[in-house]
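What follows is a set of notes on a single structure, which appears directly below.
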Amino acid sequence: MVKNAFIFLILIGVAMILVNLFAGFTGNVDLGQIANHYVANGPAEVGSANIVTAVVVTYRGFDTLGEVTILFLSAAIVGFFLKIENTDNTERNLKYTSEILNTASQVLVPIMILFGVYVFINGHLSPGGGFQGGAIIASGLVLMFIAQPKKEIGHKLINIIESISGVGFVLMGLAGVLFAGGFLDNNVIGLGKFGTLFSAGAIPIIYIFVGLKVGSELTGIALSLKENQNEA
Amino acid sequence: MMEKLNIQNIGLTVGILVILVGLWGLLTQKNLIKIVIGFALFDTGTHILMVSIGYIKYRTAPILDEAVDIRNAAKLVVDPIPQALVLTAIVIGLGITALMLSYVLKMYQNKKSLEINNYKDLKW
Amino acid sequence: MENSIVEIIGAFLVLIGSVFLFLGALGLVRMPDVFNRIQTGTKASTLGTFLTFFGLVFIMPEWWGKLILLIIFILMTNPVSSHVLARAAYCIKVPMFKKTVIDLYGKDAEKLFKKETKNE
Amino acid sequence: MLNIILAIFLGILIIVLAIMAVLNKNIVVAIIAAGAVSLFASVLYLILAAPDVAMTEAAIGSGLSTIIFFYVLNKINRQNG
Amino acid sequence: MVNKILFIAALIMMLAILLTLYRFFKGTTAADRLVAFDVMTVSSLSLIGLIAKFSDRIIYLDVAMVYGLLSFLGVIIVARYFEKGL
Amino acid sequence: MKIKNQFAIFIVLMIIWFLINNSFKLEVIAVGFVLSFVIAIIFGKRTDVLNEFKFTPTAFFYTLIYLLVFFWELIKSNIQVALIVLKPSLPINPGIVKTRTILKSKMARMILTNSITLTPGTLTVDIEKDILYIHWINVESLDIDVATEKIVKKFENILVKIYG
């Protein structure tokens, strides 16, 4: 009873704080100074039609680097916790899947992968980018695990792709230091014509690396949660 | 009253309410997985709150294609910075959720129980 | 306020689509057991979404590519998900409607659900 | 006008589903409700003019986190024997 | 004229989503709720189409595609969990 | 056989790439070509369903006829279901019946079951070898041959001509 009253008090307190924070908030009428700079000069400086992408990849590139690191750490910890204890897979049986789902997944998985690649290659023109594309690719592979239990992807291949794309991402950043203004500057190669597929300098290349890295990390998490399912 | 009824205020209200519901679930539930669900709801509420702060009336998404005039863009689009922050926050939220769930699994392997009342090892 | 006749046809297609969506939802509420709910729900929602996007093709002709792709996705994924749902519902032994005439699946299902795929 | 009606509608839907996710005894239903909260939140983001966030929420918040929840639930059930 | 008809269509779709919400709320079994979830997501897919039309931005359709694919995957996952085949 | 399979995947992916991009600029075509090629190489050995297409004029002609029949049945089924839903007494008579199919190709079987799911009052619950288990909202016959005649035949006759 005391505990419930205590929880109730905490909730009321948080509600009061939040309401007070936003009570005087009447809404913006114009962009702030920094946002105004990003929107007004973004197309000329970065060449990206999607301002959010410009902010994520170049103006605040270190955020992205930190985020990719956190994701890598969490994937590594999940894999470490759930690593396979008994290594003999000989008696591993999988449930029978329906034939229709199997056939449909064989058609759908390549389409989903293509769509994921489309999302991260067009990250500077349309909504999307490395994280979303990586998540879509990982979902496609999860669909493959579910619908076709016989097909397997090794952990080793995923680790190789992840390492290569991580190194590539950092190298692109360092190339920005060497040949242009700073870490992750995308003026390494020319900006190209605004609004076309080959534009915005290095943003598509960086997003390809981010997408492959995020995709392989999320697939790794799903795979380590799926494996050794018959251990008990 | 009617002039208060705009999309921004609705978004702020929904965000605050979802945060409170998530916190309530986090504090009152006894099942470990339900606690993680409460945490995920808390996350979603924070994201809704942050995105609604960046919204500006009668403006469109910060993507400059044919529908938006580039020279006049600063007068036509909403604030991109909260959106960029939320973008990273969602992905990190997934990583945290996966981590918490693997802890839950490990705890279950030790004690064969999901009830939080059975975990009293560090209680003082 | 003048719209061409093509746009108005498109708008009416969208309206019919929304009516079908509504009927599907109504069927979901009124039907007595899971299988009948899947029948009404998925069928009507497939046709409703199909008509909505098809009507939008008339209103926004320059968007046709993505709209057609969405229609293809819907026509491909929706029946598959309803089939998988029906199979799962049978597997967890959801009670069937009491007026059900016959169930020829019961005996064979026992065998099918025990079957396993060997990992080669 | 439509935007405001839609926003109110989605807000009510989100809050009802969130309360259901907390209160329901059945864990499977709670997880599905949490996924539905994410899906409707992504429609709300579209009305708030944030398609990037909407796409991320649809792909990650509702898709992959539901998948991870169910994988963990499956493993827990299997260890029960 | 067109906008008015589309407005009415959007209202009907919202009503449909409310009906599926009722089924989701009432349920009786988990499978019923899953069916309600399926119909709910498909209905909101067409609502996204209408939002894209009213905002006049083609880029919103990308979001619709991701939404459709991922909700399909969610239904499949839960169904496979019921069959104990995950 | 593998080459034909990869080629089919490549064609499908290229069509989808054009639909999704909605433009025919040179750079878009080049990127799409490379991407479809790589994905087709990777997934070509994992899939074995797309190589059953026959690229002949007859197959194409019957595909068109199939689409017409399918849409007609789809609209008819929806009106029928709507009438059932709107009647206050709910005149239903459900049950699960067995039917047979003679199709062997996996792709054709998937198309057949999807079409059955979307047409009047029927829903495929499972498929095992040549038996289809169908939930029928208004059971008219318990006999396997009559049910096959009523549900399966109208699609199967055309699909046999497409997939052989």
When the stretch A:50-73 is checked residue by residue, the ones that are assigned to a helix (DSSP H, G or I) and not aliphatic (A, V, I, L, M) are A:Thr53, A:Thr58, A:Tyr59, A:Gly61, A:Phe62, A:Asp63, A:Thr64, A:Gly66, A:Glu67, A:Thr69, A:Phe72
One residue is enough: does the stretch F:63-73 have a residue meeting the conditions surrounded by fewer than 16 Cβ atoms within 10 Å (Cβ to Cβ), touching a residue at least 60 places away in the same chain (Cβ under 8 Å), in contact with a helix residue (DSSP H, G or I) (Cβ under 8 Å, 6 or more places away or on another chain) and part of a loop (DSSP other than H, G, I, E, B)? no
Of all residues in the stretch A:70-96, how many are modelled with pLDDT under 85 and β-branched (Val, Ile, Thr)? 4
All-but-one check, A:Ile100 against (1) away from chain D (no Cβ under 11 Å); (2) surrounded by 24 or more Cβ atoms within 10 Å (Cβ to Cβ); (3) in contact (Cβ under 8 Å) with a residue 12 or more places away in the chain; (4) not in a loop (DSSP other than H, G, I, E, B), failing number (3)
Helices (runs of 4 or more DSSP H) completely within the stretch F:88-164 that count 1 or more residues being in contact with a helix residue (DSSP H, G or I) (Cβ under 6 Å, 6 or more places away or on another chain) and either at pLDDT below 80 or among the small types (Gly, Ala, Ser) (or both): F:106-118, F:153-163
Do we find a residue being among the aliphatic types (A, V, I, L, M), crowded, with 22+ Cβ neighbours inside 10 Å, within 15 Å of the chain's Cα centre (by Cα) and farther than 27 Å from C:Ala88 by Cβ anywhere in the stretch E:69-81? no
From the set of residues in the stretch D:49-81 that are free of Cβ contacts under 8 Å to residues at least 12 places away in the same chain and β-branched (Val, Ile, Thr), which is surrounded by the most Cβ atoms within 10 Å (Cβ to Cβ)? D:Val53
Could you please find all residues in the stretch B:51-91 being farther than 11 Å from D:Ala49 by Cβ, at the interface with chain A (Cβ under 8 Å from one of its Cβ atoms) and part of a loop (DSSP other than H, G, I, E, B)? B:Leu64, B:Asp65, B:Ile70
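Let's see how each residue does on (1) touching a Leu at 6+ places or on another chain (Cβ under 8 Å); (2) surrounded by 21 or more Cβ atoms within 10 Å (Cβ to Cβ); (3) hydroxyl-bearing (Ser, Thr, Tyr); (4) in contact (Cβ under 8 Å) with a residue 12 or more places away in the chain:
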site: A:Ala147; (1), (2), (3), (4): yes, yes, no, yes
site: A:His155; (1), (2), (3), (4): yes, no, no, yes
site: A:Ser163; (1), (2), (3), (4): no, no, yes, no
site: A:Gly168; (1), (2), (3), (4): no, no, no, yes
site: A:Leu171; (1), (2), (3), (4): no, no, no, no
site: A:Ala175; (1), (2), (3), (4): no, no, no, yes
Determine whether A:Leu197 is closer than 24 Å to B:Leu87 by Cα, out of contact with any helix residue (DSSP H, G or I) (no Cβ under 7 Å at 6 or more places or on another chain) and either facing another protein chain (nearest Cβ under 8 Å) or at pLDDT 85 or above (or both). no
The stretch C:27-53, residues that are in a helix (DSSP H, G or I) and among the aliphatic types (A, V, I, L, M): C:Leu28, C:Val29, C:Val34, C:Ile38, C:Ala44, C:Leu47, C:Leu51
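Let's see how each residue does on (1) out of contact with any His (no Cβ under 7 Å at 6 or more places or on another chain); (2) at the interface with chain C (Cβ under 10 Å from one of its Cβ atoms); (3) closer than 22 Å to C:Ala88 by Cβ:
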{"position": "F:Pro88", "(1), (2), (3)": "yes, yes, no"}
{"position": "F:Lys129", "(1), (2), (3)": "yes, no, yes"}
{"position": "F:Ile158", "(1), (2), (3)": "yes, no, no"}
{"position": "F:Ile162", "(1), (2), (3)": "yes, no, no"}
State which residue is nearest to E:Thr29 (Cα to Cα) when the search covers only the stretch C:23-33 and only residues that are at the interface with chain E (Cβ under 7 Å from one of its Cβ atoms) and buried (at least 24 other Cβ atoms within 10 Å of the Cβ). C:Leu28
Residues of the stretch F:33-45 being surrounded by fewer than 20 Cβ atoms within 10 Å (Cβ to Cβ), closer than 17 Å to A:Phe120 by Cα and of a type outside the set (Phe, Trp, Tyr), which ones? F:Val34, F:Leu35, F:Val38
Is it true that D:Ala54 is facing chain E (nearest Cβ under 7 Å) and farther than 20 Å from E:Ala36 by Cα? yes
C:Ile9 being more than 8 Å from chain E (Cβ to nearest Cβ) and not small (Gly, Ala, Ser): yes
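The values are calculated or read from the model by the stated rules, or taken from the named source; none is laboratory data. The structure presented is a predicted model; accordingly, all values stated were derived computationally and were not measured. Quick reminder, even Gly has a Cβ in these numbers, built from the backbone with ideal geometry, and neighbours come from all protein chains shown.
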